[in-house]
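Everything on this sheet refers to the single structure shown next.
The values are calculated or read from the model by the stated rules, or taken from the named source; none is laboratory data. As the structure is a computational prediction, the values presented were derived from the model and not from experiment. Reconstructed Cβ throughout: ideal geometry from the backbone, glycine too, with neighbour counts over all protein chains shown.
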Amino acid sequence: MILPHQTNGATPLRFPTLAVPQLAHGAFPRQGGTSPAPWDSLNVGLAVGDAVTRVAANRDLIRRALGLPHLVAARQVHGDRVAVVRKAPETDLDGVDALVTDVPGLGLMVQQADCQAVLLFDPANRAVGIAHSGWRGSVANIIAKTVATMTATYGSEPMQLRAAVSPSLGPCCGEFVNHHRELPAAFRAFEVRPNHFDFWAVSRMQLGEAGLRPENISVAGVCTVCDHRFFSYRRDGTTGRNASVIGLKP
């Protein structure tokens with residue numbers, strides 16, 4: 001992953017697999033926004049106790065940093081519903097955890113504080129997608145459902161898709177003491193030490209099983225619990241939400 005050259009302002013981290021001129025994308029650290037503690041400072045979550053006006057200002061900073069006219073977000077529920085976005089909605093989409101579009105100027109945003117954002121780009125058909133994938137999303141394989149939606153809607157060929165996995169819970173801190181009832185038996189192969197799981201590797205596997213080539217997948221490899229540049233629910237409890245965004249430039 002390409003790190004930002006500066007840390008002031010809304011400066012995203014970018015991915016080599018998505019570094020193409022027609023695409024705006026980034027995973028944003030928590031610095032450079034308007035919110036006070038415990039949401040300091042670039043919080044984009046509307047349901048964590050921060051003022052709506054500050055969240056709106058932070059989202060606008062991100063939108064302008066990427067040069068996009070609109071940001072599209074959802075009230076995420078850790079489900080597997082995928083929404084096809086054809087225009088900018090007036091409010092966050094309810095009950096959705098993945099978004100896809102082929103409309104230039106619409107930035108698709110995932111809000112996260114340890115969960116993964118999985119960004120997808122179809123260079124042949126000029127379409128993008130993004131999935132919010134925590135452990136429940138991984139169990140439901142929302143990645144495969146997002147790829148399938150892009151295939152059905154835009155004619156995307158999975159082998160041509162490019163993907164990136166944002167900063168998120170790493171195998172160092174991915175402890176699941178109830179994994180015997182929460183995670184499928186197939187995930188046992190990703191247990192790196194007792195009760196600790198590598199969900200970055202799970203997402204690589206699911207992207208590969210969906211048809212993506214390994215060389216077209218970037219994983220940030222940054223643990224949000226360890227790296228204090230990012231919000232982390234596991235580390236802090238009451239906290240803000242990081243933003244990951246992808247969109248076609250207008």
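Side notes on the structure shown:
- Members of the stretch 92-106 found to be within 28 Å of VAL139 (Cα to Cα) and in a loop (DSSP other than H, G, I, E, B), listed by number: ASP92, GLY95, VAL96, ASP97, ASP102
- Flag if GLY137 is assigned to a helix (DSSP H, G or I), on the phi < 0 side of the Ramachandran plot and in contact with a Gly (Cβ under 9 Å, 6 or more places away or on another chain): yes
- Of all the numbered requirements in (1) crowded, with 16+ Cβ neighbours inside 10 Å; (2) in contact with a helix residue (DSSP H, G or I) (Cβ under 9 Å, 6 or more places away or on another chain); (3) not in a helix (DSSP H, G or I), THR17 misses one, and that requirement is (3).
- Residue within the stretch 75-83 that is part of a loop (DSSP other than H, G, I, E, B), in contact with a Lys or Arg (Cβ under 6 Å, 6 or more places away or on another chain), touching a residue at least 24 places away in the same chain (Cβ under 8 Å) and closer than 28 Å to ASP227 by Cα present: yes
- Residue match in the stretch 225-235 (condition: crowded, with 17+ Cβ neighbours inside 10 Å, assigned to a loop (DSSP other than H, G, I, E, B) and of a type in the set (Phe, Trp, Tyr)): yes
- Filtered by the rule that a residue be touching a helix residue (DSSP H, G or I) at 6+ places or on another chain (Cβ under 7 Å) and within 13 Å of ILE246 (Cβ to Cβ), the stretch 120-177 gives LEU120, PHE121, ASP122, PRO123, ALA127, GLY129, ALA131, LEU161, ARG162, ALA163, ALA164, VAL165.
- Looking across the stretch 148-167 at every residue that is in contact (Cβ under 8 Å) with a residue 60 or more places away in the chain and outside any helix (DSSP H, G or I), the one that is farthest from the chain's Cα centre (by Cα) is identified as ARG162.
- Condition check for HIS180: part of a helix (DSSP H, G or I) and of a type outside the set (A, V, I, L, M): yes
- Residues being in contact (Cβ under 8 Å) with a residue 40 or more places away in the chain and in a loop (DSSP other than H, G, I, E, B) - total across the stretch 22-32: 4
- Selection status of ASP94, modelled with pLDDT of 95 or more and touching a strand residue (DSSP E or B) at 6+ places or on another chain (Cβ under 6 Å): yes
- Exactly one residue among VAL118, VAL72, VAL52, VAL139 is among the β-branched types (Val, Ile, Thr), more than 21 Å from ARG162 (Cβ to Cβ), out of contact with any Lys or Arg (no Cβ under 8 Å at 6 or more places or on another chain) and touching a residue at least 24 places away in the same chain (Cβ under 8 Å), and that residue is VAL139.
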